[in-house]
Every structure is written in structure tokens, then in C-alpha cells.
Amino acid sequence: MDYRERLKQLIKEKSLKVADKPIFKLSSGKLSTYYLDLRTITLDPEGGYIIGNLIYEMIKDKNPDAVGGLTLGADPISYATSMVSYINKNPIKPFVVRKEPKGHGTGKQIEGNVKEGDKVFIVEDVVTTAGSSLKAAKVAKEAGLEILGIIAIVDREEGGEENIKKEGFNFYPIFKVSEFLSKK
């Protein structure tokens with residue numbers, strides 16, 4: 001099975017919503033004529049399996065200790081990647097970055113079995129301006145984690161890649177949104 005092509009098909013069938021005028025409000029606050037609801041795929045058994053395999057293949061040779069990102073978009077992606085890595089006898093731990101430090105207990109902002117010095121990838125479902133990815137990377141870096149790069153399932157091609165590179169991180173999108181919105 002060609003995982004990339006199958007994922008592309010799933011995104012077209014289940015995730016991409018298109019309108020004639022900008023009616024979709026993005027997390028950045030902008031309005032758009034299209035919306036990618038990738039949770040329909042990241043929270044699906046087949047979608048998770050495919051995403052986990054694609055990302056595992058992208059990162060396995062870079063020997064990361066962990067993969068994670070800002071909750072909620074990154075959570076199923078990091079869990080799927082971790083499970084596939086375990087099945088392949090090359091465990092990569094998942095971690096979650098809370099939007100704010102926990103208000104009780106230990107007050108942690110990162111959950112998971114990561115420690116200072118671990119090499120990690122930040123994952124994200126969709127990158128527009130990269131605000132969520134960069135917030136996760138900042139928290140991870142402050143915790144002493146070494147960021148190997150930021151991976152997105154889809155780059156909306158609206159400045160996110162430039163913002164990520166400006167902060168000194170490598171960016172690895174699986175798809176560019178132009179692959180889905182090209183003229184017929």
C-alpha cells in the first residue's frame with residue numbers, strides 16, 4: 001500500500017471542506033474558503049495507522065527519543081507514531097505539551113517519559129502560521145529537549161514554514177495544501 005497516496009485520498013474524502021466564500025474560522029483567527037479537519041483521520045484507526053507509518057518512516061533514521069506536540073492536534077499523531085515504532089522494535093516515546101502548565105500536582109507542561117537531552121520531533125496536523133508548533137517547540141526547548149524538526153501532515157502554505165525556519169527549526173510537511181486545491 002502506498003501510504004502517502006491513501007492518506008491523500010482520505011484527506012480529500014473526509015477532511016477537506018471547501019466553500020465559495022471565507023466561512024471557516026481558523027485557530028489563527030483568519031477566515032478561509034477551505035478547512036482541513038484532520039481529526040476525522042488522526043482519530044480513525046486506518047488514518048492513525050497510515051500516519052504512524054508515514055511519520056515513523058520519515059524519522060526512524062534520525063534516531064529520535066520521542067515525538068509529540070501541542071495538545072490536541074498532535075496527540076493522536078504522536079501516539080500512532082509511537083505504536084508503529086514499537087511494532088518495528090524501535091520504540092519512540094510519545095509526549096504531550098499542555099497549552100498551559102498543569103494547575104495542580106507537579107505543575108508540568110509536558111506529559112510523557114521525556115527528559116532533558118532527549119532528541120524529539122514536534123508533530124502537528126495542520127500548519128498555517130505555525131503558532132501551535134512553535135509554542136510546543138518553545139516549551140520543549142525550555143525543558144531541555146533537542147528539537148530535530150517539526151512535522152506537519154498538511155502545510156497550508158500561509159507563512160508557517162517561513163516562521164518555523166526563522167526560529168531555526170527544520171520543517172517536514174507530508175503535504176502542501178496546493179496538492180489538494182490545485183485547479184481542475
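Can you give the FRET efficiency to the nearest 0.05 for GLU100 and LYS165, using r as the Cβ-Cβ distance and R₀ = 45 Å?
My answer for the efficiency is 0.95.
Tell me the mean residue ellipticity at 222 nm calculated for the chain from its helices only (DSSP H runs of n ≥ 4, each -39500 (n - 2.57), averaged over every residue, nearest 500).
One gets -9500 deg cm²/dmol as the mean residue ellipticity at 222 nm.
Based on Cα coordinates alone, diagonalise the gyration tensor for region 130-184, multiply each eigenvalue by 5, take square roots, and list the semi-axes in whole Å, largest first.
In descending order, the three semi-axes are 25, 10, 8 Å.
Among TYR35, TYR56, GLY107, whose Cα lies farthest out toward the positive end of the dipole of region 27-184, if unit charges sit on the beta carbon of Lys, Arg (+1) and Asp, Glu (-1)?
GLY107
What is the fewest-to-most order of MET58, MET1, MET83 by other Cβ atoms lying within 10 Å of their Cβ?
MET1, MET58, MET83
Decide, for region 1-110, between rounded, prolate and oblate: order the square roots of the alpha carbon gyration tensor eigenvalues as a ≥ b ≥ c, take rounded if a/c falls under 1.5, and otherwise choose prolate if a/b is larger than b/c, else oblate.
Taking the square roots of the gyration eigenvalues as a ≥ b ≥ c, region 1-110 is oblate.
Percent of alpha carbon pairs in the chain separated by more than 30 Å?
Of all Cα-Cα distances in the chain, 16 percent exceed 30 Å.
Can you tell me which of TYR172, TYR86, TYR56 moves the most in a GNM of the chain? Springs connect C-alpha atoms under 10 Å apart.
TYR86
Could you give each residue of region 4-17 its phi-based ³J(HN,Hα) in whole Hz, using Karplus coefficients 6.51, -1.76, 1.60 with θ = phi - 60°, and x for Gly or Pro?
So the Karplus estimates, Gly and Pro as x, are 5, 5, 5, 5, 4, 4, 4, 4, 4, 6, 10, 10, 7, 10 Hz.
What is the list of residues in region 1-42 whose amide nitrogen lies under 17 Å from a point 7 angstrom out from the Cα of GLU57, following Cα to Cβ?
Output list for this probe position: 1-11.
With r defined as the distance between the Cβ atoms of GLU46 and LYS108 and R0 fixed at 25 Å, what FRET efficiency is calculated, to the nearest 0.05?
0.15
From a point 7 Å beyond the Cα of ASP2 in the direction of its Cβ, which residues of region 35-76 have a backbone N at a distance under 19 Å?
Hits in region 35-76 for ASP2 at 19 Å: 47, 50-55, 57-58.
Coordinate-derived values only; no laboratory data. Computed from a predicted structure; not experimentally measured. Positions of Cβ are generated from backbone atoms using ideal geometry, with glycine treated the same way; all protein chains shown enter the neighbour counts.
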